[in-house]
Each structure stands twice: as structure tokens, then as C-alpha cells.
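Peer 1: Below are the C-alpha cells for one structure; questions will follow.
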Amino acid sequence: MKAWIVTDKDYSYGCEIVFADTRGKAISLCLYDDTFTDCDFTELCARRFKEYDQYYEGDCKPNLWEDENHRIRLVRDYGWSCYEGRDSYCDNCPAKKWCIEWEGADDEQVDRC
């Protein structure tokens, strides 16, 4: 199973990581979910995230931020942070010591995927 990062073409909705055999199946997994509610198939794009293939555990669309191991891995090893930037959830985040949003400790909101 291959890991894919799915975004809308304008990067205005955020992104998802899914596991699928093809680009089209990866996009289909994200249609009509909370992140891409207002998007059509043609508005989404998927790009390979080969480095993440090894973390497939049988779920094609895992909740990566709710799973502590995935969250730590994405923040520590790949430099990800929450799309919304720093907020009250940061205080209890298991990955805060690796997060650029936490390290900055200022109130600037930086949108990231």
C-alpha cells in the first residue's frame, strides 16, 4: 500500500495522508470528508509520500493526529504542525517538543499542512 498526501489545488483546505494503490483511489478516499467537504474530484490532487509507506497498518485513512505515534512521527521526522497554528490543544500535545509552532512560543498563526 502506498502513502499519498491529498490536497486541494489551491492548498486552502489543508491536507490528508491516506494509503491507497493509486492516485485516483487516494483522492476518492478524501472526497466528502470533513477536510474537503466542498471539493469535487477534479479539485483534489494527490502526491506520493514514499517515506511514509512503511507506516501502513491496515487502515487506508487513519486519523493521524489522533494517533499519538503518527502525530509524533509527522512532527518530529517530517516537520509537520497543526494547520490552525498554535492554540489551546498545544499544551497537551505529545509532539510539542518537536513542533516549530511550540518552539516559536509567539502568537503568530502559521498555516501549515
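Peer 1: Whose amide H sits under 5 Å from the amide H of residue 14, counting only residues 5 or more places off or on another chain, with H placed in the peptide plane?
Peer 2: 8
Peer 1: Subtracting the Cα-Cα distance from 0.36 nm times the residue separation, let me have the gained length for residue 76 to residue 31 in nm, one decimal.
Peer 2: Between residue 76 and residue 31, full extension yields an extra 13.4 nm.
Peer 1: Please find the FRET efficiency linking residue 38 to residue 97, where r is the Cβ-Cβ separation and R0 is fixed at 35 Å, and quote it to the nearest 0.05.
Peer 2: 0.50
Peer 1: Whose amide H sits under 5 Å from the amide H of residue 2, counting only residues 5 or more places off or on another chain, with H placed in the peptide plane?
Peer 2: Answer set, sorted by chain and number: 20, 21.
Peer 1: Using the per-residue mean of other Cβ atoms lying within 10 Å as a proxy for protection, in what order, highest first, do the peptides 62-74, 6-18 fall?
Peer 2: 6-18, 62-74
Peer 1: Here's another thing I want to ask about it. What list of ³J(HN,Hα) couplings, whole Hz, do you get for segment 35-42 from phi and the Karplus terms 6.51, -1.76, 1.60, once you set θ to phi - 60° and write x for glycine and proline?
Peer 2: 6, 10, 3, 9, 9, 9, 3, 6
Peer 1: Need the full-extension length gain, residue 45 to residue 10, defined as separation in residues times 0.36 nm minus the C-alpha distance. One decimal, nm.
Peer 2: 11.6 nm
Peer 1: Which lysines does residue 61 reach when only Cα atoms under 21 Å apart count, and residues fewer than 8 places away in its own chain are ignored?
Peer 2: Straight-distance partners of residue 61: 2, 9, 25, 50.
Any read-out appearing in this document is the output of simple, stated calculations on the displayed coordinates, not a laboratory observation. Computed from a predicted model, the values in this text were never measured in an experiment. Neighbour counts run over all protein chains shown; Cβ positions are idealised from the backbone, glycine included.
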